[in-house]
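Novice: One structure, as structure tokens, below. Some questions next.
The values are calculated or read from the model by the stated rules, or taken from the named source; none is laboratory data. Just so it is clear, the model here is predicted, and its values are computed rather than measured. Quick reminder, even Gly has a Cβ in these numbers, built from the backbone with ideal geometry, and neighbours come from all protein chains shown.
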Amino acid sequence: MRLREAFARIGIPEPWGTVAIRPVRVYGDPVLRRKSAPVTAAPESVRELVTDMFDTMYHEPGIGLAAPQIGVSMRVVVVAAVPDDDDGKNVGRPFAMLNPVLVSRSDDTTRFEEGCLSVPDINETVERPRAIRFRYTSLDGDALERDAAGLLARVVQHELDHLDGVLFVDRLSLVKRQLLRKRLARLGAAPRG
Ligand SMILES: [Zn+2]
């Protein structure tokens, strides 16, 4: 997930040491539309994937990345250091999630401009539940459950959508999607490489 406002507020750490940056798949690539498979092996087995995902996310830069965005159809997500509260004061740590699920969503919603590394150069306001509870397995194998509002709630919902083949542009109004139709078609037709 790419968020202009967020970058202005939050410093993204520079990658250091050996980094493995994988190409980000772009709108039109079928892997972005697939439902990803759960991680069934030991969490340790995806450590290298998670490292590459962090490297790729920081390089782009983004504040969240789901495995399908680098062509891996698995339920793995990484999230940068973002605030998890409504007033944006409580910045958490970067973390990785295996098999994340939304446990609950607030009835009230917020509108916020989103972008996506897989949908370059398009930023649109998306309405989503303001707060969520979610659970996941950590890379250490711990089952964790957390509450989030603010930017973290936004990023987690955006990234979990990726695991089910849903992109933020799918959540726009029909009218808005019609307006974007040509630009999206151009992305889908662009040569890869
Ligand atoms: Zn995205």
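Novice: Considering (1) touching a helix residue (DSSP H, G or I) at 6+ places or on another chain (Cβ under 7 Å); (2) surrounded by 17 or more Cβ atoms within 10 Å (Cβ to Cβ); (3) more than 21 Å from Asp147 (Cβ to Cβ), say which one Arg34 fails and leave the rest.
Specialist: Evaluating Arg34 over (1) touching a helix residue (DSSP H, G or I) at 6+ places or on another chain (Cβ under 7 Å); (2) surrounded by 17 or more Cβ atoms within 10 Å (Cβ to Cβ); (3) more than 21 Å from Asp147 (Cβ to Cβ) leaves (2) as the failure.
Novice: OK, next. For region 134-168, give me the residue count where each residue is part of a strand (DSSP E or B) and either of a type outside the set (A, V, I, L, M) or under 16 Å from Ala80 (Cβ atoms) (or both).
Specialist: Total meeting the criteria: 8.
Novice: Let me ask something else. Does Ile12 qualify as being crowded, with 16+ Cβ neighbours inside 10 Å and at pLDDT below 95?
Specialist: For Ile12, the condition - crowded, with 16+ Cβ neighbours inside 10 Å and at pLDDT below 95 - is met.
Novice: Here is a further query. Looking at Pro68, is it within 16 Å of the ligand (Cβ to nearest atom) and either modelled with pLDDT of 95 or more or on the phi < 0 side of the Ramachandran plot (or both)?
Specialist: Spelling it out, Pro68 is indeed within 16 Å of the ligand (Cβ to nearest atom) and either modelled with pLDDT of 95 or more or on the phi < 0 side of the Ramachandran plot (or both).
Novice: Of all residues in region 73-109, how many are farther than 22 Å from Asp142 by Cβ, touching a residue at least 24 places away in the same chain (Cβ under 8 Å) and in contact with a Lys or Arg (Cβ under 9 Å, 6 or more places away or on another chain)?
Specialist: 6
Novice: Could you list, in sequence order, the residues of region 141-193 that are more than 16 Å from the ligand (Cβ to nearest atom), surrounded by 13 or more Cβ atoms within 10 Å (Cβ to Cβ) and of a type in the set (Gly, Ala, Ser)?
Specialist: Within region 141-193, Ala148, Ala149, Gly150 meet the criteria.
Novice: Looking at region 116-140, which of its residues are within 13 Å of the ligand (Cβ to nearest atom), more than 22 Å from Ala96 (Cβ to Cβ) and in contact with an Asp or Glu (Cβ under 7 Å, 6 or more places away or on another chain)?
Specialist: If the condition is that a residue be within 13 Å of the ligand (Cβ to nearest atom), more than 22 Å from Ala96 (Cβ to Cβ) and in contact with an Asp or Glu (Cβ under 7 Å, 6 or more places away or on another chain), then Asn123, Glu124, Val126 are the ones that fit.
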